[in-house]
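Here the structure comes first, spelled out in structure tokens, and everything after it is commentary.
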Amino acid sequence: MGRSLIAGRAIFAAALAAMGILVLVRPDFPPVLVPVPSALPGRAMLAAFSGAWMIAASVAVLPGRTARSGALAIASLLSVGMLLHVRQVFRNPGTPAWAIAFETVVLGAAAFTLAGMLARQSDGLRMAGRWGFGVSLLAFGLFHFLYGTYIESVVPVWIPGHLFWTYGIGCALIAAGIAMLSGIKARLAATMLAIMFGSWVFIVHAPRVAAAPSSADEWSSLFIALACCGASLIMRESTASAAVEPAGETPA
């Protein structure tokens, strides 16, 4: 098994398990990832179940024999989130709802890709995951141009050239999306994405969490950035060859 896949699985699982713990502590559905209507009966109980599901699935991703089942369990929960996001987008056209939805898509794509990598004859899952990941990057990049003012406000004050970073990173995300979709320099793009998302955890999100430690949204954003770092490493390994099956692991 490649080192990037080992690291990617560990980081991805740790981030989503932490998200599950956040859900149990609140208790509420994962902020951003699963936008369940507030009026849903039994919402708190269902939220606790989803948090426990996310934790159990994340833990299952780590051992060899349960890894594929864990990845599919994560993908199934995030797929529910994707469907709920479609509802949100149609109810709120012209708002950033569509961009937020792609945070769920990009993590679900990585989970499907991981499941495909851990099974024989699962090129369909890998291809679907790669396309979902690539299209999400294009959406993230477009978001930087459509909502540049907001992105500028997120850049730490001690970093000069906020406008440069806003549009520069937008261009980088679009270029990475094209690389993932075309397969040209896809491994390099995934590597740089992992570095970028990982740096955001410490440069952008950790200070915001420190400033507002009781904010579930800030914790959620940190965990999503960390999960995106792990997802990028998974995609990096996925692009290494047309068929990857980790040595010494038996598909679940």
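For (1) assigned to a loop (DSSP other than H, G, I, E, B); (2) at pLDDT 85 or above, each residue gets a yes or a no:
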| residue | (1), (2) |
| --- | --- |
| 32 | yes, no |
| 38 | yes, no |
| 44 | no, no |
| 55 | no, yes |
| 73 | no, yes |
| 86 | no, yes |
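Looking only at residues of region 41-52 that are surrounded by fewer than 20 Cβ atoms within 10 Å (Cβ to Cβ) and not basic (Lys, Arg), we find that the one that is nearest to residue 5 (Cα to Cα) is 52.
Just one of the listed residues (108, 116, 64) is assigned to a helix (DSSP H, G or I) and more than 18 Å from residue 29 (Cβ to Cβ), and it is 116.
In the condition set (1) free of Cβ contacts under 8 Å to residues at least 60 places away in the same chain; (2) within 20 Å of residue 132 (Cβ to Cβ); (3) not hydroxyl-bearing (Ser, Thr, Tyr), residue 162 is compliant with all but (2). When restricted to residues that are surrounded by 23 or more Cβ atoms within 10 Å (Cβ to Cβ) and under 17 Å from the mean Cα position of the chain (by Cα), region 53-68 contains 4. Scanning region 103-121 for residues that are out of contact with any Lys or Arg (no Cβ under 9 Å at 6 or more places or on another chain), surrounded by fewer than 22 Cβ atoms within 10 Å (Cβ to Cβ) and not β-branched (Val, Ile, Thr) turns up 120, 121. Summed over region 151-191, the residues that are surrounded by 17 or more Cβ atoms within 10 Å (Cβ to Cβ) and among the aromatic types (Phe, Trp, Tyr) give a count of 1.
The values are calculated or read from the model by the stated rules, or taken from the named source; none is laboratory data. Everything numeric in this text was worked out from a predicted model, so none of it was measured. As a convention, Cβ positions derive from the backbone with ideal geometry for all residues, glycine included, and neighbour counts pool all protein chains shown.
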